[in-house]
Amino acid sequence: MPTEAKRQTVDQLRDEIARSRTMIVSEYRGLTVKEIAEIRKALRKQDVSYRVVKNRLMRIAAEGAVGEALGPLLSGPTAIAFGTDETGTARAVLDAVKPYKIVKVTGAVLGDQAIGADGVQRLASLPGRDVLLAEVAGAIVAPLATTAGLIAAPLRDMAGLLQALQDHKASAA
């Protein structure tokens, strides 16, 4: 029979999963409580929460496609970083655990898709979401601005010719 504390933990994990688009799974074997607290503190500054979870309770909390993607990553002592920005979360986790060589990132779940540890490394090397959106917007706007300039050029040239003709007539008179 599950205890009330376990029910609350499962509810809290469900809330975290619902609020997060990204979950980075790591194995924290060998870290002290103080070191885990330092990792949490560093990640909190980046709006990422880091929780040590019991694998069984996490499997119960993660339902549907998320549970299927997360299940294979839950083995051994597990800590999960929950975040909303995919690249920012990956970068923050890798930076926070870098001083602790014994922490092993085992993978991640993005939405309902699982990726491996090498995928997390590649994800962290991508530019942030805002930068990518700005690049896409720039790629869309640049041809439009060029086209508008090409259309406006004959009108601008015609206006210049008319002004020159008027100036010539005024100086001749």
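A few points about this structure:
- Within region 9-48, the set of residues being free of Cβ contacts under 8 Å to residues at least 24 places away in the same chain and either β-branched (Val, Ile, Thr) or on the phi > 0 side of the Ramachandran plot (or both) comprises Thr32, Val33.
- Any chance Ala81 is open to solvent by less than 70 Å² (accessible area, probe 1.4 Å), without any contact (Cβ under 8 Å) to a residue 12 or more places away in the chain, over 15 Å from Asp112 (Cβ atoms) and not β-branched (Val, Ile, Thr): no
- Checking Gly107 against (1) more than 20 Å from the chain's Cα centre (by Cα); (2) small (Gly, Ala, Ser); (3) at positive phi, the condition it does not meet: (1)
- Only residues that are farther than 20 Å from Gln113 by Cβ, β-branched (Val, Ile, Thr) and crowded, with 17+ Cβ neighbours inside 10 Å were counted in region 28-52, giving 2.
- Only residues that are among the β-branched types (Val, Ile, Thr) and more than 12 Å from Ser49 (Cα to Cα) were counted across region 5-23, and they come to 2.
- Helices (runs of 4 or more DSSP H) completely within region 28-121 that count 2 or more residues being modelled with pLDDT of 90 or more: 33-44, 55-61, 86-97
- Leu126 vs. criteria surrounded by fewer than 15 Cβ atoms within 10 Å (Cβ to Cβ) and aliphatic (A, V, I, L, M): yes
- Taken together, Pro154, Pro72, Pro143, Pro99 contain a single residue that is open to solvent by 50 Å² or more (accessible area, probe 1.4 Å), under 21 Å from Tyr28 (Cα atoms) and without any contact (Cβ under 8 Å) to a residue 40 or more places away in the chain, which is Pro99.
- Meets criteria (within 27 Å of Ala62 (Cα to Cα) and open to solvent by less than 90 Å² (accessible area, probe 1.4 Å)) for Gly119: yes
- In region 3-27, the residues that are open to solvent by 50 Å² or more (accessible area, probe 1.4 Å) and either within 22 Å of Ser75 (Cβ to Cβ) or aromatic (Phe, Trp, Tyr) (or both): Lys6, Gln12, Arg14
The values are calculated or read from the model by the stated rules, or taken from the named source; none is laboratory data. Everything numeric in this text was worked out from a predicted model, so none of it was measured. Note: ideal-geometry Cβ built from the backbone for every residue, glycine included; neighbour counts use all protein chains shown. For the accessible areas, the whole protein counts, side chains as well, though only heavy atoms, and no ligand, DNA or RNA atoms are used. Shrake-Rupley method; radii C 1.70, N 1.55, O 1.52, S 1.80 Å.
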